[in-house]
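First up is the structure itself, then whatever we jot down about it.
The values are calculated or read from the model by the stated rules, or taken from the named source; none is laboratory data. Just so it is clear, the structure is predicted and the values come from calculations on it, not from any experiment. Using ideal geometry, Cβ is built from the backbone for each residue, glycine included, and neighbour counts are taken over all protein chains shown. All accessible areas refer to the heavy atoms of the entire protein, side chains included, with ligands and DNA or RNA removed. Shrake-Rupley method; radii C 1.70, N 1.55, O 1.52, S 1.80 Å.
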Amino acid sequence: MPSTILLSPDTHPLRTLTLARLQLTQADPVCHLSTGGEEVLLYPLIGTVRVRDAAQDWGTLGGRRAVTEPGVQALRFAAGRAHAITVQLVGYAADLLVASCVVDIGAVATVAHREDVAIHDVGSASHRREVRVLPTPLGYQLHVGETLAPAGHWSSWPSHAAPEDLSRYEEHEEVFFVVTPGRYGLIRFDGLFCDGSVAKGVHVVENGDALVTPLGAHEIVAAPEAWLYYAWVYRSFLRKTYNAASTDCSVYVK
């Protein structure tokens with residue numbers, strides 16, 4: 001099976017959120033995913049796949065040749081009922097993230113994201129970056145998107161949580177998947193994980209790493225002269241909104 005669990009409540013400070021990586025090749029071109037009622041998100045990083053379940057053929061998904069390209073697509077399967085999902089390679093190879101969370105919520109429709117990504121120019125100077133965000137449909141819990149920072153630029157700054165938010169640490173789970181040609185980067189933690197454990201200090205992040213980020217600060221930067229990409233998924237009481245009017249003067253606010 002070409003699927004690997006990267007982060008889960010069994011191995012990391014998470015309560016409901018799991019992140020897996022699905023890599024399809026011509027030698028191993030098909031993966032069958034069975035769910036037990038959790039919410040599921042298929043998020044292609046590169047390559048193209050065809051997705052089917054018992055109810056419908058959802059057609060092709062993905063298409064990018066590199067994560068630096070902006071063509072974000074994804075497919076969401078609703079919580080509340082089991083799904084038998086077939087993911088089949090189209091072309092040479094495909095690399096996908098599969099995020100899921102256990103929720104106590106009524107079922108809603110499956111949602112395909114193909115032409116609805118919003119791209120924001122966030123920050124300024126040495127923390128300017130491009131943030132690509134998919135809308136979160138009504139009834140879904142997982143918020144998802146990706147960030148691309150130019151060489152030498154910091155990202156995920158400033159902290160998205162105010163000090164008074166930290167008491168609600170149990171309500172926040174967030175994960176990153178990092179890609180960078182510089183092979184490694186640095187991330188600084190100052191906050192709390194959802195189990196109440198303290199996240200502090202500077203940590204090395206390597207190309208292809210998946211990590212849990214805390215409620216609080218988690219600034220990240222790649223090695224010199226290397227761009228930084230990370231896909232992010234979170235389930236939280238926090239809500240990010242971006243500038244929509246000329247009088248909006250903040251980068252983003254909750």
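Quick look at the numbers
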{"quantity": "Members of the stretch 152-177 found to be under 26 Å from Thr68 (Cβ atoms), open to solvent by 10 Å² or more (accessible area, probe 1.4 Å) and not small (Gly, Ala, Ser), listed by number", "calculated": "His153, Trp154, Trp157, Pro158, His160"}
{"quantity": "Strands (runs of 3 or more DSSP E) wholly inside the stretch 142-246 containing at least 3 residues that are in contact with a Ser or Thr (Cβ under 9 Å, 6 or more places away or on another chain)", "calculated": "143-149, 173-179, 184-192, 198-206, 215-222, 228-235"}
{"quantity": "Selection within the stretch 198-232 - without any contact (Cβ under 8 Å) to a residue 24 or more places away in the chain and among the charged types (D, E, K, R)", "calculated": "Lys200"}
{"quantity": "Residue match in the stretch 129-144 (condition: under 24 Å from Gly185 (Cα atoms), over 17 Å from the mean Cα position of the chain (by Cα) and either open to solvent by less than 20 Å² (accessible area, probe 1.4 Å) or without any contact (Cβ under 8 Å) to a residue 60 or more places away in the chain (or both))", "calculated": "no"}
{"quantity": "Any hit, the stretch 199-208, residues being under 21 Å from Arg239 (Cα atoms) and within 19 Å of the chain's Cα centre (by Cα)", "calculated": "no"}
{"quantity": "Single match in Ala118, Ala84, Ala112, Ala149 (criterion: open to solvent by less than 30 Å² (accessible area, probe 1.4 Å), in contact (Cβ under 8 Å) with a residue 40 or more places away in the chain and of a type in the set (A, V, I, L, M))", "calculated": "Ala149"}
